[in-house]
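The values are calculated or read from the model by the stated rules, or taken from the named source; none is laboratory data. Model, not experiment: these values are computed from the prediction. Counting neighbours? That spans all protein chains shown, and the Cβs are built from the backbone with ideal geometry, glycine included.
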Amino acid sequence: MTILVTGATGNIGSQVVQHLASRGADVRALVRDLSKVSFPAGVDVSKGDFLDVESLRAAMSGVSTLFLLNAVVPDEFTQALIALNVARSAGIERIVYLSVIHPDVYVNVPHFAGKYGVERMIEQMGMKATILRPAYFIQNDLMIKDAITGYGVYPMPVGDKGLAMIDVRDIAEIAALELLRREQAAEPLPLNRVNLVGPETLTGEDIAAIWSDVLGRQISYAGGDTDAFEQNLNQFMPPWMAYDMRMMGERFLTDGMLPEGGDVERLTTLLGRPLRSYRDFASEAAASA
């Protein structure tokens, strides 16, 4: 049978496709723009969009397992519900949904609240799914790399509670392994949730210290001003998204983004190797400058 990967040309989705194809899975990739397609041989490509219901129906025909990844867009919630309803109508009983950690806590952050609503649909409609709940993506810090290297400041409002940041490469590999687990099971597996976290929980000061070590010069943490953070983001993203990110940053400051007991050990066992660290990412980012 076939595993359908949505968001297949994005940073995570493209890696999920690669992992699945390398393990011999029958993969179909849902894409909006065929010009962005660069998949391994044998991957079936289906052109479509979450808001084009007929294209979704075509993409999900003959599919046994679905990887649902929705981009952070104004109508993300609607897109996800449509996709899940179409999947249900198509008889797909094996689903992996990429949510976010602590969506039941970050209730005033738009994209967290939307993902929590999707989780509620999955649960209340009795869908057989793994809900992956990743913490902050380490690679998000690439968008502030110039501030770090050019101005000697780490501006992300991480705060002093700490974030269990995770590398997107680990997210993609874990997602692929979970898709294969569901696909290969004799019967659809029951609902479960998995926190996706990195190997350590870091504060803003911790991250600034890592950058200081990697770059060999002082990097200061200056991320407590969420008003300034929003204003900076407005320079390169839509205002609604900058505000969404600000709300997320404010919850970083008040709540942090912490793992639960056993999360790190569980993921390390699943991968069969250590999780990638923030220091690894910073070293790679500095070397590619």
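At a glance:
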quantity: Residue tally, condition within 21 Å of L84 (Cα to Cα) and among the aliphatic types (A, V, I, L, M), over segment 8-52; calculated: 10
quantity: Which numbered condition A87 fails, given (1) of a type in the set (A, V, I, L, M); (2) buried (at least 18 other Cβ atoms within 10 Å of the Cβ); (3) in contact with a Lys or Arg (Cβ under 8 Å, 6 or more places away or on another chain); calculated: (3)
quantity: Failed item in (1) surrounded by 17 or more Cβ atoms within 10 Å (Cβ to Cβ); (2) modelled with pLDDT of 95 or more; (3) within 25 Å of S283 (Cα to Cα); (4) not hydroxyl-bearing (S, T, Y), with R251 passing the rest; calculated: (3)
quantity: Residue count, segment 93-106 (criterion: free of Cβ contacts under 8 Å to residues at least 40 places away in the same chain and more than 18 Å from the chain's Cα centre (by Cα)); calculated: 0
quantity: Tally, over segment 204-225, of residues that are in contact with a strand residue (DSSP E or B) (Cβ under 8 Å, 6 or more places away or on another chain), surrounded by 18 or more Cβ atoms within 10 Å (Cβ to Cβ) and within 24 Å of R276 (Cβ to Cβ); calculated: 8
quantity: The listed residue being aromatic (F, W, Y) and either over 27 Å from P239 (Cα atoms) or in a helix (DSSP H, G or I) (or both), out of F67, F50; calculated: F67
quantity: Failed item in (1) assigned to a strand (DSSP E or B); (2) of a type in the set (V, I, T); (3) over 23 Å from E200 (Cα atoms), with I122 passing the rest; calculated: (1)
quantity: Every residue from segment 186-201 that is touching a strand residue (DSSP E or B) at 6+ places or on another chain (Cβ under 8 Å) and within 21 Å of A172 (Cβ to Cβ); calculated: L189, N192, R193, V194, N195, L196, V197, G198
quantity: Options V5, V43, V27: the member that is in contact with a Phe, Trp or Tyr (Cβ under 7 Å, 6 or more places away or on another chain), within 25 Å of A186 (Cα to Cα) and in contact (Cβ under 8 Å) with a residue 12 or more places away in the chain; calculated: V5
quantity: Subset of segment 16-42 (residues that are crowded, with 19+ Cβ neighbours inside 10 Å, touching a Leu at 6+ places or on another chain (Cβ under 9 Å) and outside any helix (DSSP H, G or I)); calculated: A25, V27, R28, A29, L30
quantity: Tally of residues being under 15 Å from L253 (Cα atoms), out of contact with any helix residue (DSSP H, G or I) (no Cβ under 7 Å at 6 or more places or on another chain) and of a type in the set (A, V, I, L, M, F, W, C) across segment 196-238; calculated: 2
quantity: Residue satisfying all of: in segment 140-164; crowded, with 22+ Cβ neighbours inside 10 Å and β-branched (V, I, T); nearest to T254 (Cα to Cα) among these; calculated: V158
quantity: Residues of segment 260-284 that turn out to be assigned to a helix (DSSP H, G or I) and either without any contact (Cβ under 8 Å) to a residue 40 or more places away in the chain or surrounded by fewer than 19 Cβ atoms within 10 Å (Cβ to Cβ) (or both), as a count; calculated: 10
quantity: All positions within segment 233-242 that are surrounded by 15 or more Cβ atoms within 10 Å (Cβ to Cβ) and either touching a residue at least 40 places away in the same chain (Cβ under 8 Å) or closer than 13 Å to A147 by Cβ (or both); calculated: L233, M241
quantity: Some residue of segment 72-79 being touching a strand residue (DSSP E or B) at 6+ places or on another chain (Cβ under 8 Å) and either crowded, with 21+ Cβ neighbours inside 10 Å or modelled with pLDDT of 95 or more (or both); calculated: no
quantity: From the options V118, V168, residue that is among the aliphatic types (A, V, I, L, M), crowded, with 18+ Cβ neighbours inside 10 Å and free of Cβ contacts under 8 Å to residues at least 60 places away in the same chain; calculated: V118
